[in-house]
Amino acid sequence: MSNENYEAASRGGTSDKLAEFQDHSRGFLGNIQHVLHVNPAMVPLIVLVASIVVFGLLLGSKFFSPFALTLILQQVQIVGIVAAAQSLVILTAGIDLSVGAIMVFSSVVMGQFTFRYGLPPAVAVAAGLMVGTACGFVNGWLVAKVKLPPFIVTLGMWQIVLATNFLYSANETIRAQDIAENAPLLQLFGAKVNIGGAVLTVGVIFMVLLVLTLSYVLKQTAWGRHVYAVGDDPEAAELSGVNVKRTLISVYMLAGLICAFAGWALIGRIGSVSPTSGQLANIESITAVVIGGISLFGGRGSIMGTLFGALIVGVFTLGLRLMGADAQWTYLLIGLLIICAVAVDQWIRKVSS
Amino acid sequence: MEPILQGKNLVKRYGRVTALDHCDFELYPGEVLAVIGDNGAGKSSLIKAVSGAVIPDAGEVYLEGKQVRFSSPNDAREHGIETVYQTLAMSPALSITDNMFMGRELRKPGFMGKYLRQLDKKAMEKFAREKLSELGLMTIQNINQAVETLSGGQRQGVAVARAAAFGSKVIILDEPTAALGVKESRRVLELIQDVRSRGIPIVLISHNMPHVFEVADRIHIHRLGKRLTVIKPGDYTMSDAVAFMTGAKEPETVAA
């Protein structure tokens, strides 16, 4: 809108009319930019649908079947859950490199508390969830109160938690049969639900519910708005009356808790408790978040985008594997997608009326 | 007449720098008080001390004759003091409504609001639209558009509207016209007069002498961390005010 308009309108202004809506034509590209600005999850959704259609056409029913499509969900469930945690942190303009380590350590705590100390599985699970939350709290405290950069804090925590994980578990794996016999609760997230040919696990359902819940919380509650405001401009948020430190700490704690849930889901997915599993979770979660259109600069994006991002990676992985392509093609395409996603983000950020 | 907002003997040090040196400050009901001073004179520290953004090392702040101690801007806000910062303190990616209600969101009544903490977006939008209209900012296209899509003057307008909507006792404006063009500045000066006509006193910090002399009822001149004098714009010229500010000239009488 031009200044002339603004001035002219303000002169003739009477205060009995309400603010009006005016539509301006922005041109075709401008319209696209505007739509994407308002709905940041649109790009990954379009890419996801397009990739499903393309692989469906290329592979036919081998790919386009309830079984194959739900297999993708099962394959992305761990990354999807961890990426939900990563999204929260990245929305505050942070980054959490320790998500994978927290996940594995939480699963090890759940396993060892049950088998080494003979605690009831429910208590062990609760302890694992608390350990994850506590790791998140340390991250959040260091970022918010000591004002260290999130990258450094979580880089350090990644090493610390991972080393603690190996030291504490003595590098021992707890076998799947032992868990199934003595503590089936630990494998709860692996329980399968068959609907027609579709196979859903508790972990998949949890992932979807988690994303829907977080989406509600981020859009519809004051806390969610504060998360965006803190990521957008922490000083402005503070001056407008947001408790920035408390918001940051709560975000990192929630991220830690979600990672611990991912650890529980990890036991369900692989059956055993292994201190060496899930090593790529942090990079894969950041990939899903970036492809999902969440800005690494904070304050922009939606958590639904993250889910779509994780699914895009899953679709490419399975689709290319079913086509018999070298796995390296997957990485190559994912790499391209990451760069395109960030380029689109930069373009959207330039939006102005 | 009793001042609505008063500071007495305020002291604030940052390391070895004394930003406020036993400074006094008074704002009377219904007036526009301009605060002028050279860079580094301590204007911002003074304003922050009475608006809760910094806690003074010594001295007292009185609101309507009662002593108050603000520990945060939110604290001052709860007492009816709203500040529009030079940076505007808005989140560019969030909507006008989100920004207006940041930190004091309305929740839906009943189960959804109480247990699921759902925000009452409709009520907030309605309120935001009314407040913008009251100040003649009707050309804002969409109350849900992101603040970053607004022009500088519109952003300032939204920030002032936010302050006017919630500031029941005092509104503080820090350099509201510094970043604006001529026309937009004019609009903001009109906004200031609109707000004053509704009986809310305003503290205006500005470097722009024509703006200060146009809208202020009294001018508080700040120099070296304390109040040098308070003048009425009719009694002195702009060059006098600048001379006092820079120390080129001393005022004859010290204001009581």
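The values are calculated or read from the model by the stated rules, or taken from the named source; none is laboratory data. These numbers come from a predicted model, not from an experiment. When we count neighbours, we look across all protein chains shown, and the Cβ atoms used for this are built from the backbone with ideal geometry, even at glycine.
Listing for the model above:
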| read-out | value |
| --- | --- |
| Residue, surrounded by the most Cβ atoms within 10 Å (Cβ to Cβ), within the stretch A:215-237, restricted to residues that are small (Gly, Ala, Ser) and closer than 25 Å to B:THR83 by Cα | A:ALA229 |
| Qualifying residues in the stretch B:79-112 (those that are charged (D, E, K, R) and touching a Gly at 6+ places or on another chain (Cβ under 9 Å)) - the one surrounded by the most Cβ atoms within 10 Å (Cβ to Cβ) | B:GLU82 |
| Answer residue from the stretch A:177-187, given it is assigned to a helix (DSSP H, G or I) and in contact with a helix residue (DSSP H, G or I) (Cβ under 6 Å, 6 or more places away or on another chain) and is surrounded by the most Cβ atoms within 10 Å (Cβ to Cβ) among those | A:LEU186 |
| Search result, residues across the stretch A:238-287 that are surrounded by fewer than 21 Cβ atoms within 10 Å (Cβ to Cβ), within 25 Å of A:ALA222 (Cα to Cα) and of a type in the set (Ser, Thr, Tyr) | A:SER250 |
| Hits in the stretch A:200-214 - residues which are β-branched (Val, Ile, Thr) and surrounded by fewer than 17 Cβ atoms within 10 Å (Cβ to Cβ) | A:ILE205, A:VAL208, A:THR213 |
| Residues (within 18 Å of the chain's Cα centre (by Cα) and either among the β-branched types (Val, Ile, Thr) or more than 30 Å from B:SER95 (Cβ to Cβ) (or both)) located in the stretch A:38-66 | A:VAL43, A:VAL47 |
| The stretch B:117-136 - residue that is more than 7 Å from chain A (Cβ to nearest Cβ) and not in a helix (DSSP H, G or I) and, of those, surrounded by the fewest Cβ atoms within 10 Å (Cβ to Cβ) | B:ASP120 |
| Top-ranked residue of the stretch B:177-206 - restricted to ones that are assigned to a loop (DSSP other than H, G, I, E, B) and within 13 Å of another protein chain (Cβ to nearest Cβ), ranked as surrounded by the fewest Cβ atoms within 10 Å (Cβ to Cβ) | B:ARG198 |
| Elements of type helices (runs of 4 or more DSSP H) contained in the stretch A:37-119, each with 3 or more residues being β-branched (Val, Ile, Thr) and under 12 Å from A:CYS259 (Cβ atoms) | A:66-91, A:99-115 |
| Candidate set: the stretch A:188-222, residues that are among the aromatic types (Phe, Trp, Tyr) and out of contact with any helix residue (DSSP H, G or I) (no Cβ under 6 Å at 6 or more places or on another chain); chosen: the one farthest from A:THR114 (Cα to Cα) | A:TYR216 |
| Out of A:LEU48, A:LEU58, sole residue that is out of contact with any Leu (no Cβ under 8 Å at 6 or more places or on another chain), touching a residue at least 24 places away in the same chain (Cβ under 8 Å) and farther than 21 Å from A:VAL99 by Cβ | A:LEU58 |
| Strands (runs of 3 or more DSSP E) within the stretch B:33-116 that include 1 or more residues of a type outside the set (A, V, I, L, M) and touching a residue at least 24 places away in the same chain (Cβ under 8 Å) | B:58-63, B:81-84 |
| Some residue of the stretch A:89-105 being crowded, with 21+ Cβ neighbours inside 10 Å, at pLDDT 95 or above and more than 27 Å from A:GLY305 (Cα to Cα) | yes |
| Total residues in the stretch A:103-150, condition over 12 Å from A:TRP264 (Cβ atoms) and aliphatic (A, V, I, L, M) | 10 |
| Residues of the stretch A:297-353 satisfying the condition of being free of Cβ contacts under 8 Å to residues at least 40 places away in the same chain and touching a Phe, Trp or Tyr at 6+ places or on another chain (Cβ under 6 Å) | A:LEU320, A:THR330, A:LEU333 |
| Pairs where the first residue, in the stretch A:136-160, is without any contact (Cβ under 8 Å) to a residue 60 or more places away in the chain and the second is outside any helix (DSSP H, G or I) and surrounded by fewer than 20 Cβ atoms within 10 Å (Cβ to Cβ), C-beta under 9 Å, 6+ apart | A:LEU142/A:LEU148; A:VAL153/A:VAL146; A:GLY156/A:LEU148 |
| Checklist (1) in contact with a strand residue (DSSP E or B) (Cβ under 9 Å, 6 or more places away or on another chain); (2) surrounded by fewer than 20 Cβ atoms within 10 Å (Cβ to Cβ) applied to A:LEU332, failing item | (1) |
| Failed item in (1) assigned to a strand (DSSP E or B); (2) modelled with pLDDT under 85; (3) of a type in the set (Lys, Arg), with B:ARG227 passing the rest | (2) |
| Selection within the stretch A:217-231 - hydrophobic (A, V, I, L, M, F, W, C), under 17 Å from B:ILE96 (Cβ atoms) and touching a residue at least 24 places away in the same chain (Cβ under 8 Å) | A:ALA229 |
| In the stretch A:35-64, residue modelled with the lowest pLDDT [restricted to those that are of a type outside the set (Val, Ile, Thr) and surrounded by fewer than 16 Cβ atoms within 10 Å (Cβ to Cβ)] | A:ASN39 |
| Qualifying residue in the stretch B:38-48 (condition: of a type in the set (Asp, Glu) and under 30 Å from A:ALA229 (Cα atoms)) | no |
| All positions within the stretch B:27-45 that are surrounded by 20 or more Cβ atoms within 10 Å (Cβ to Cβ) and at pLDDT 90 or above | B:LEU27, B:VAL32, B:LEU33, B:ALA34, B:VAL35, B:ILE36 |
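A quick yes/no check of all residues on (1) more than 24 Å from A:ARG349 (Cα to Cα); (2) within 14 Å of chain B (Cβ to nearest Cβ); (3) modelled with pLDDT of 95 or more:
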position: A:ALA237; (1), (2), (3): no, yes, no
position: A:SER240; (1), (2), (3): no, yes, no
position: A:ILE249; (1), (2), (3): yes, no, yes
position: A:TYR252; (1), (2), (3): yes, no, yes
position: A:ALA260; (1), (2), (3): yes, no, yes
position: A:TRP264; (1), (2), (3): yes, no, yes
position: A:ARG269; (1), (2), (3): yes, no, no
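Each row is one residue, and each column tells you yes or no for (1) farther than 27 Å from B:SER197 by Cβ; (2) without any contact (Cβ under 8 Å) to a residue 60 or more places away in the chain; (3) touching a Leu at 6+ places or on another chain (Cβ under 8 Å).
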| residue | (1), (2), (3) |
| --- | --- |
| B:PHE213 | no, yes, no |
| B:ASP217 | no, no, yes |
| B:LEU224 | yes, no, no |
| B:ALA248 | yes, yes, no |
